[in-house]
Amino acid sequence: MVSAIVAVSPGWGIGDGKGMLYRLPGDLKYFRSVTLGHPVIMGRKTLESFPGGKPLPGRENIVITRNRNFRPEGVTVVHSLAALRRLVASRPDEHFFVIGGGEIYEKLLPDCETAYVTMVETEPPIVPTVFYPDLSKKRSWVLESASEPHTEENGAVYRFTVWRRRRTH
Ligand SMILES: NC(=O)c1ccc[n+]([C@@H]2O[C@H](COP(=O)([O-])OP(=O)(O)OC[C@H]3O[C@@H](n4cnc5c(N)ncnc54)[C@H](OP(=O)(O)O)[C@@H]3O)[C@@H](O)[C@H]2O)c1
């Protein structure tokens, strides 16, 4: 099974190409609790946006890159979407999480059944240049649940939402 997990601004912005738009400790805790123990899938740029370019602890970090010389320690590297899909298909009992960034979220949206979207209601302090596909505009996706709003000390207000791909009959 493959799910996506992402934090979006109003307008579905996710980053500026270098980093995320907000500092949300409560969302980082949520992200950790949802993904811990599961393999996470990311683009090379997202791995490099982490502190020290280091993989996330407690999870297998699967990174997609076209660069055959890119072999950071503690990371499973794949070189194509086809190779990634073979890896996912070979482990049917696992729950994989796509954790970004924009390019990889977009390319793997057709592989996802569920998207855990932290929807931030306050405008970001940084202008977004990278986006998640706006699921509210997609007929194939439906909002299944939304938490009560949470407020961070820095004033950011957000809800944890779950979106599901509509079943086709
Ligand atoms: N808000 C959130 O929840 C969230 C989560 C994660 C990331 N982000 C943000 O998203 C931004 C980064 O996103 P991004 O779109 O710039 O980059 P990205 O999706 O993280 O990585 C893109 C890279 O993936 C590799 N790639 C893409 N398609 C491939 C394919 N078909 N085969 C092999 N490799 C492929 C390429 O790596 P090579 O160039 O090495 O070949 C490409 O440069 C940052 O601002 C980050 O902070 C936000």
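Quick note: the coordinates plus some simple rules give every number you see, no bench work behind them. Since we're looking at a predicted model, the values are computed, not measured. Cβ: placed from backbone, ideal geometry, glycine included. Neighbour counts: every protein chain shown.
Side notes on the structure shown:
- Tally of residues being among the aliphatic types (A, V, I, L, M) and either near the ligand (Cβ under 8 Å from one of its atoms) or farther than 24 Å from residue 33 by Cα (or both) across segment 118-140: 3
- Restricting attention to segment 1-18, the residues that are more than 17 Å from residue 161 (Cβ to Cβ) and in contact (Cβ under 8 Å) with a residue 60 or more places away in the chain add up to 5.
- Which listed residue, of 46, 65, is surrounded by 15 or more Cβ atoms within 10 Å (Cβ to Cβ), of a type in the set (S, T, N, Q) and touching a residue at least 40 places away in the same chain (Cβ under 8 Å): 46
- Test: residue in segment 44-55 that is within 22 Å of residue 92 (Cα to Cα) and either within 12 Å of the chain's Cα centre (by Cα) or away from the ligand (no atom under 12 Å from the Cβ) (or both): no
- Close pairs from segment 76-105: first without any contact (Cβ under 8 Å) to a residue 24 or more places away in the chain and of a type in the set (A, V, I, L, M, F, W, C), partner surrounded by 14 or more Cβ atoms within 10 Å (Cβ to Cβ) and part of a loop (DSSP other than H, G, I, E, B), Cβ under 9 Å, at least 6 apart: 77/65; 77/70; 78/65
Conditions (1) in contact with a Lys or Arg (Cβ under 8 Å, 6 or more places away or on another chain); (2) under 23 Å from residue 143 (Cβ atoms), marked per residue:
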position	(1), (2)
6	no, yes
37	yes, no
43	no, no
76	no, no
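- Checking 59, 91, 86, 71 one by one, the residue that is within 12 Å of residue 2 (Cβ to Cβ), among the charged types (D, E, K, R) and more than 11 Å from the ligand (Cβ to nearest atom) is 91 and no other.
- Filtered by the rule that a residue be closer than 22 Å to residue 125 by Cα and more than 12 Å from the chain's Cα centre (by Cα), segment 29-39 gives 29, 30.
- Residue identified as closer than 13 Å to residue 99 by Cα and touching an Asp or Glu at 6+ places or on another chain (Cβ under 8 Å) among 39, 10: 39
- Residues (within 13 Å of the ligand (Cβ to nearest atom) and surrounded by fewer than 15 Cβ atoms within 10 Å (Cβ to Cβ)) located in segment 74-83: 79, 80, 81, 82, 83
- Matching entry among 145, 136 (being of a type in the set (Ser, Thr, Tyr) and either surrounded by 13 or more Cβ atoms within 10 Å (Cβ to Cβ) or farther than 15 Å from residue 5 by Cβ (or both)): 136
- Scanning segment 132-158 for residues that are under 18 Å from residue 27 (Cα atoms) and under 14 Å from the mean Cα position of the chain (by Cα) returns a single hit, 132.
- Meets criteria (within 28 Å of residue 140 (Cβ to Cβ), near the ligand (Cβ under 10 Å from one of its atoms) and among the aliphatic types (A, V, I, L, M)) for residue 115: no
- Residue 26 being buried (at least 19 other Cβ atoms within 10 Å of the Cβ) and of a type outside the set (A, V, I, L, M, F, W, C): no
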